[in-house]
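The values are calculated or read from the model by the stated rules, or taken from the named source; none is laboratory data. Everything quoted here is computed from the prediction, not taken from an experiment. Heads up, the Cβs are rebuilt from the backbone with ideal geometry, glycines too, and the neighbour counts pull from every protein chain shown. These area figures cover heavy atoms from the full protein model, side chains too; ligands, DNA and RNA do not enter into them. Shrake-Rupley method; radii C 1.70, N 1.55, O 1.52, S 1.80 Å.
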Amino acid sequence: MKQDKITANVGRRKFIAASLAMGAAAALPFSGYTRTTTRANDPKYDFIVIGAGSAGSVVTRRLVDAGLRVLLLEAGPRDDMPAIHNPPEAMALWHSAVDWGFSTQPQTFAGKQDIYWPRGKTLGGSSAINGMMYVRGLPEDYDNWAALGAAGWAWRDVLPYFRKAENCNIAGLSAQHATGGLLQVSRPAMTPLAHAFVEAGQQAGLRWVGDYNDGNDPSGVSFPQYTMTPDGKRASAWVCYCDAISQAPNLSVMTEARVLKLLNQGDRITGVHFLHRGIDYRIEAKHEVLLCAGSLMSPSILLHSGIGPAEQLEKLGMTALVNLPGVGENLHDHLVCPMVWSSPQPVAVGLASGIEAQIFHKSAPQLSGPDTQSLLFTMPFLPGVNQGYTVTPGLVRPKSRGRLWLGSNDPLQPPLMDPQVYAENEDLEIMTDKALLMRDVMHQSAMAPWRGREQGMDGVNSRAQMRDYIRRTTGSYHHQVGTARMGVDDMAVVDPQLQVRGLSGLRVIDASVMPVIPSGNTNAPSIMIGEKAADMILSSR
């Protein structure tokens with residue numbers, strides 16, 4: 001026990017030292033708090049928002065616009081790294097000060113590998129480091145949520161919030177898009193390689209899709225829509241929603257604020273205990289605490305606050321405030337597998353994030369919508385390939401489910417995560433099918449001027465060999481969801497109003513509440529969740 005305390009203290013000191021070293025990432029103004037707790041009968045803030053990511057930025061803006069007093073806590077530094085705002089440098093942000101840099105447990109069914117999970121740790125959260133693809137998902141995704149107990153989250157319910165958020169700058173798209181919202185959606189000129197890939201997809205028998213966000217079946221080949229400003233900068237949720245109000249008198253923003261636990265009085269959550277540069281703060285909220293820390297840190301904060309499976313918490317010496325066995329369960333993610341080609345001619349990265357084209361495809365013709373999303377990247381994901389590019393077969397409706405749990409009762413230690421990739425063999429077979437489809441596209445005549453040698457796949461000729469290659473090399477599309485899912489059954493963590501079951505004063509508002517992952521990138525759905533949650537909060541007042 002003594003050694004455990006020493007280890008925990010060493011970890012805490014390392015965290016504090018790292019925070020103090022980040023002088024360039026200074027906190028935004030935070031008006032004069034000391035170590036003392038705000039009195040329960042006189043809280044300074046109406047709401048405390050934990051996490052300035054895709055959903056947290058949205059909720060913050062809507063509450064501030066409504067005249068409410070908000071404290072926003074962000075674990076990472078400010079978004080002042082130049083690479084954040086320059087889309088072609090997106091991958092330079094991995095393993096940086098603005099990345100949590102998580103990794104999974106060794107994957108039993110995926111080559112025993114630890115899969116790297118970058119997650120944004122700055123103003124804007126993962127919307128500040130992602131590939132910026134704007135994908136809503138399919139109507140049936142959200143109708144399925146409603147059928148699983150998330151009443152009020154069917155497609156007809158969420159479409160107005162996608163539209164409310166959006167300011168679309170792309171000509172020629174469907175009437176399902178909107179202008180006038182805060183989220184900028186644009187598309188720069190695509191590279192010659194991207195045009196060749198789209199033509200090759202059509203030569204392989206795939207249809208051209210002009211707008212995959214129109215609410216219809218998007219199966220086919222298309223150019224992405226991006227969360228980018230018209231002048232070519234990253235349109236993170238923070239940039240779009242909160243930059244303009246960062247100095248509002250009813251908003252306080254504190255960066256480098258690491259939440260330790262939630263405060264409670266009985267079954268009501270009253271505030272937040274957090275650490276900032278070695279100083280403990282305990283701040284209370286008049287109305288609610290809004291947990292928007294993402295699919296990995298939101299359940300971690302819940303667990304450290306005694307909200308989760310009682311038996312697991314007690315094994316770590318923690319007292320359960322409320323027994324919610326679903327916290328940390330239902331963890332799943334989109335999967336990708338890199339296939340790299342060299343190119344006989346130079347490859348331009350492009351003006352976006354390097355993701356320049358995509359193929360939505362069904363693993364079986366009877367499916368109502370695609371369950372795979374494969375991508376073209378204008379850079380090689382393989383050391384030693386100096387001139388090339390990558391195509392990635394991708395799975396967007398995985399059957400496999402895993403979980404997240406605590407390995408320590410120290411809130412400064414990361415949670416443990418095991419998505420159980422390919423625990424369901426059907427997932428592996430679908431990915432194998434898509435890898436073979438990508439090879440077919442690559443061998444079309446439109447790709448001939450760009451097609452060099454397939455790299456790192458010597459001897460991968462049969463389906464069995466391709467299956468083994470995928471098992472060993474599969475990575476993440478960085479879309480983890482589901483660890484605090486909404487519903488009405490015993491394993492649900494939040495109700496359809498996003499209120500944590502068994503407690504008052506606490507909502508979870510981020511991708512962790514998704515019962516099932518949407519059939520596409522999760523940033524736009526997370527922003528939609530933020531918009532809908534803000535409306536629910538304001539309506540309840």
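Determine the relative contact order of the stretch 55-117: mean sequence separation of Cα pairs under 8 Å and six or more apart, normalised by residue count, in whole percent. For the stretch 55-117, the relative contact order is 17 percent. Multiplying the residue separation of Arg463 and Leu538 by 0.36 nm and removing their Cα-Cα distance gives an extension gain of 21.6 nm. The slack in the chain from Asp143 to Asp490, taken as 0.36 nm per residue of separation less the alpha-carbon distance, amounts to 122.9 nm.
For Asn409 and Asn250, a Förster radius of 25 Å and the Cβ-Cβ distance give a FRET efficiency of 0.10, rounded to the nearest 0.05. Could you state the number of Å between the C-alpha centres of the stretch 379-425 and the stretch 335-356? With the stretch 335-356 and the stretch 379-425 each reduced to a Cα centre, they are spaced 20 Å. Each residue of the stretch 356-373 was assigned a 3J(HN,Hα) from its phi angle through the Karplus curve 6.51 cos²θ - 1.76 cosθ + 1.60 (θ = phi - 60°); the sequence is 10, 7, 8, 10, 8, 8, 9, 6, 9, x, 7, 5, 6, x, x, 10, 10, 9 Hz, with glycine and proline shown as x.
Restriction of the trypsin sites (Lys or Arg not before Pro) in the stretch 54-120 to DSSP coil positions whose beta-carbon has at most 12 other beta-carbons within 10 angstrom yields Lys112.
Subtracting the Cα-Cα distance of Gln387 and Gln366 from their residue separation scaled by 0.36 nm leaves 3.6 nm. Taking every protein chain into account, the accessible area of the chain amounts to 36 square angstrom per residue (probe 1.4 Å).
For Lys362, nonlocal amide neighbours, meaning residues 5 or more places apart or on other chains whose placed amide H falls under 5 Å from its own, are Asp371. Shown here: mean projected area of the Cα convex hull in nm², derived from the displayed model; of the candidates [x] 26.4; [y] 30.7; [z] 24.0, it corresponds to [z]. Of the listed pairs Lys164/Lys286; Lys261/Lys532; Lys121/Lys233; Lys362/Lys532, which have alpha-carbon separations greater than 21 Å here? Beyond 21 Å between Cα atoms: Lys164/Lys286; Lys261/Lys532; Lys362/Lys532. Across the chain, Cα pairs under 8 Å and at least six residues apart give a relative contact order of 21 percent. Note on surface exposure: Trp153, Trp94, Trp100 rank Trp94, Trp100, Trp153 by accessible area, highest first, 1.4 Å probe.
Charging the Cβ of each Asp and Glu at -1 and of each Lys and Arg at +1, and nothing else, the dipole of the stretch 433-526 about its Cα centre rounds to 300 debye.
Look at the alpha carbon pairs under 8 Å that are at least 6 residues apart: their mean separation over the length of the stretch 40-91 gives a relative contact order of 36 percent. Using Cβ point charges alone (K and R +1, D and E -1), the dipole size of the chain about the Cα centre works out to roughly 1140 debye.
Each of Glu311, Glu424 has its accessible area taken with a 1.4 Å probe; listed largest first, they run Glu311, Glu424. Working note: Karplus 6.51/-1.76/1.60 with θ = phi - 60° gives the stretch 62-67 the couplings 5, 6, 5, 4, 7, x Hz, where Gly and Pro are set to x. When a 1.4 Å probe is rolled over the protein heavy atoms, the share of accessible surface on the stretch 253-332 that falls to carbon and sulfur comes to 43 percent. Centre-to-centre, using Cα atoms only, the stretch 478-541 and the stretch 214-268 are separated by 15 Å.
Relative to the first principal axis of the alpha-carbon coordinates of the chain, what is the inclination of helix 155-165, with its axis defined by its Cα atoms, in degrees from 0 to 90 and to the nearest 10? Tilt of helix 155-165: around 80 degrees.
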